[in-house]
Amino acid sequence: MSIDVPSAPDRSATRVDHDTFRTFFRRHPAGVAVVTLDAGSGPVGFTATSFSSVSAHPPLATVALDRSSTSWPHLRAARSLVVNLLGPDGDHLARRFATSGIDRFAPPTRWRRLPGGEPVLDDAAHWLRASVAELVPVGDHQLAVLLIEQVELGAPTPGLVYHDGAFAAVGGHA
């Protein structure tokens, strides 16, 4: 069965300004992840609140990245990456990997390489390794569709979310 999809709306006709859009989504609590990868020129990482599951069969997830980000050329060239989920004490990592112009992997960041060469954060509560299955342009961002190949679960712990400009722990597994 096929479904007819109407043509794309005229994006220039929107009346939502950039600041209002950003403020609205800052007020939507979002899980915090740090995406790490190495496309052959050294480790790269960025903080993402756009990480989301898509499918259990096959196991797929997505993450979005602004194409103006310095991490974008590395993601475009990467075959695989790691999504590090942060626990309640991970706000320092979230801030560090959201900061431009620094070596995010320098001390005090603790990390190691997986057998495939991907960097993983030692202080992540949980992490997964995925291959980049597809890159899809969406507005000013690129959506990476990820095929999950390995999952490492740590002990149950509250998760870290970003809400209204601040990081906070959520969940009752203290």
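The values are calculated or read from the model by the stated rules, or taken from the named source; none is laboratory data. Note that the coordinates shown come from a computational prediction; the quantities given were computed from them, not determined experimentally. Every residue, glycine as well, gets a Cβ built from its backbone with ideal geometry; the counts of neighbours run over all protein chains shown. Heavy atoms of the whole protein, side chains included, go into the accessibility calculation; ligands, DNA and RNA do not. Shrake-Rupley method; radii C 1.70, N 1.55, O 1.52, S 1.80 Å.
Couple of notes before you dig in:
- Restricting the stretch 101-111 to residues that are open to solvent by 60 Å² or more (accessible area, probe 1.4 Å) and assigned to a loop (DSSP other than H, G, I, E, B), the residue that is nearest to Gly42 (Cα to Cα): Asp103
- Annotation note: Cβ proximity below 7 Å between a residue of the stretch 18-29 that is part of a helix (DSSP H, G or I) and a residue that is not hydroxyl-bearing (Ser, Thr, Tyr) (sequence gap 6+ or interchain) occurs for Arg26/Asp164; Arg26/Gly165.
- Restricting the stretch 45-59 to residues that are without any contact (Cβ under 8 Å) to a residue 40 or more places away in the chain and among the aliphatic types (A, V, I, L, M), the residue that is nearest to Ser71 (Cα to Cα): Ala48
- Options Val34, Val82, Val54: the member that is under 17 Å from Ser131 (Cβ atoms), buried (at least 18 other Cβ atoms within 10 Å of the Cβ) and within 16 Å of the chain's Cα centre (by Cα): Val82
- Extreme residue, most open to solvent (accessible area, probe 1.4 Å), among residues of the stretch 70-79 that are modelled with pLDDT under 90 and within 22 Å of Arg22 (Cα to Cα): Thr70
- Hits in the stretch 40-56 (condition: assigned to a loop (DSSP other than H, G, I, E, B) and either at pLDDT below 95 or farther than 25 Å from Gly159 by Cα (or both)): Gly40, Ser41, Gly42, Thr49, Ser50, Phe51, Ala56
- Residue among Gly45, Gly40 that alone is surrounded by fewer than 13 Cβ atoms within 10 Å (Cβ to Cβ) and of a type outside the set (Phe, Trp, Tyr): Gly40
- Candidate set from the stretch 85-100 (those that are outside any helix (DSSP H, G or I) and open to solvent by 60 Å² or more (accessible area, probe 1.4 Å)); member that is farthest from Ala144 (Cα to Cα): Asp89
- Some residue of the stretch 164-173 being modelled with pLDDT of 95 or more, under 20 Å from Ala64 (Cα atoms) and either among the small types (Gly, Ala, Ser) or part of a loop (DSSP other than H, G, I, E, B) (or both): no
Residues checked against (1) out of contact with any Pro (no Cβ under 8 Å at 6 or more places or on another chain); (2) over 17 Å from His92 (Cα atoms); (3) of a type in the set (Phe, Trp, Tyr); (4) surrounded by fewer than 17 Cβ atoms within 10 Å (Cβ to Cβ):
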| residue | (1), (2), (3), (4) |
| --- | --- |
| Arg129 | yes, yes, no, no |
| Leu147 | no, yes, no, yes |
| Val161 | no, no, no, no |
| Gly171 | no, yes, no, yes |
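- Pro137 in a strand (DSSP E or B), under 30 Å from His18 (Cβ atoms) and open to solvent by 50 Å² or more (accessible area, probe 1.4 Å): yes
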